[in-house]
Amino acid sequence: MFLKAAISNNFYLFNLATMTLHTLNTLSLIWIAIGVITFPFLLRITQPYGRHVTAKWGPMIGNKAGWIIQELPSLIFLTVFFLTGTGPKTNVAWFLWGMWALHYINRSIIFPLRTKTKGKKIPVLIVCSAITFNFANGFLNGTYLGNFAGNYPENYFASLPFIIGLPVFIIGFFINNQADTALINLRKPGETGYKIPTGGMFNYISCPNHFGEIIEWLGFAIMAGSLPAWSFFIWALVNLVPRTLDHHKWYLKTFPDYPKNRKAVFPFIL
């Protein structure tokens, strides 16, 4: 109780307990609009980390540490705004929190510790921008779950959105993690550099890890049925589609024998 009270006091201004659902949805629409405006710029500007890293974007820190620092706040922010919300903490709300936590515990802790990126760096600017991005998504979705989860009926686990959304999320999570594992295993101990990944979804697209994450958040949005959740799915597209197209172009440029029939992010489409 003491911890919850302390968090509530410290984050009172951000929790906005008196916020109406209309206001929260308006903020979500603004966030979506920002994403739509940002999308054309991300299509033209390669995000400078991973294989595209460059020192031109300022000071850099270790890749693993940077990844943990930038991704973990998403879970922290969502949890804080969820717990400090004044609405009932329904079973549905806790389940959706659990799905978010499942993804971000894997993405922010397990995944970076598995990667073989010794010596690689990431610009501090990218880390800071990711923290801002994760704050916005954590605030919108955490505030919704913390204040308006009472809108879910008691039988929501038997509803069509949940029955459709949960398998979509699970399939996306599986594709994402299977692709991550394949990419990690491409490098033997002590190896650096890149190779052409094959097998599984890699036979159809260059970045099934990104495709899987997009599918995950589509499933989450269907399950949650909230505008904040849909805004996050749209931002997943805004961030990951340009990133994937850059990866695809890099593969084609780097490897002359790269499969020409392989698409970038969506099988048989793009």
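The values are calculated or read from the model by the stated rules, or taken from the named source; none is laboratory data. Keep in mind that what you see is a predicted model, and the values were worked out from it rather than measured. Backbone-built Cβ (ideal geometry, glycine too); neighbour counts: all protein chains shown.
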Open item on the list: Within region 96-103, does at least one residue satisfy the condition of being under 30 Å from Asn151 (Cβ atoms), surrounded by fewer than 22 Cβ atoms within 10 Å (Cβ to Cβ), free of Cβ contacts under 8 Å to residues at least 60 places away in the same chain and touching a Phe, Trp or Tyr at 6+ places or on another chain (Cβ under 7 Å)?
Closed with: yes
Task: Odd one out for Trp230, checked against (1) buried (at least 20 other Cβ atoms within 10 Å of the Cβ); (2) at pLDDT 95 or above; (3) under 22 Å from Ala33 (Cα atoms) - done: (1)
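Among the candidates Phe202, Phe173, single out the residue that is in a helix (DSSP H, G or I), farther than 15 Å from Val92 by Cα, under 15 Å from the mean Cα position of the chain (by Cα) and not assigned by TED's automatic domain parsing to the domain that holds Leu78. Reasoning before the result, please.
Working: Phe202 fails: under 15 Å from the mean Cα position of the chain (by Cα).
That would be Phe173, the only listed residue that is in a helix (DSSP H, G or I), farther than 15 Å from Val92 by Cα, under 15 Å from the mean Cα position of the chain (by Cα) and not assigned by TED's automatic domain parsing to the domain that holds Leu78.
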Task: Candidates Asn209, Asn239 - the one that is touching a residue at least 60 places away in the same chain (Cβ under 8 Å) and within 16 Å of the chain's Cα centre (by Cα) - done: Asn239
TODO: Give the residue, chosen from Asp257, Asp246, that is at pLDDT below 95, not in a helix (DSSP H, G or I) and not aromatic (Phe, Trp, Tyr).
DONE: Asp257
Task: Members of region 19-49 found to be without any contact (Cβ under 8 Å) to a residue 40 or more places away in the chain and either buried (at least 16 other Cβ atoms within 10 Å of the Cβ) or of a type in the set (Ser, Thr, Tyr) (or both), listed by number - done: Thr20, Thr23, Thr26
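This table checks each residue for (1) modelled with pLDDT of 90 or more; (2) among the hydroxyl-bearing types (Ser, Thr, Tyr); (3) in a helix (DSSP H, G or I); (4) closer than 26 Å to Gly50 by Cα.
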{"site": "Lys116", "(1), (2), (3), (4)": "no, no, no, yes"}
{"site": "Ala130", "(1), (2), (3), (4)": "yes, no, yes, yes"}
{"site": "Asn141", "(1), (2), (3), (4)": "yes, no, yes, no"}
{"site": "Gly146", "(1), (2), (3), (4)": "yes, no, yes, no"}
{"site": "Gly150", "(1), (2), (3), (4)": "no, no, yes, no"}
{"site": "Ala179", "(1), (2), (3), (4)": "yes, no, yes, yes"}
{"site": "Arg187", "(1), (2), (3), (4)": "no, no, no, yes"}
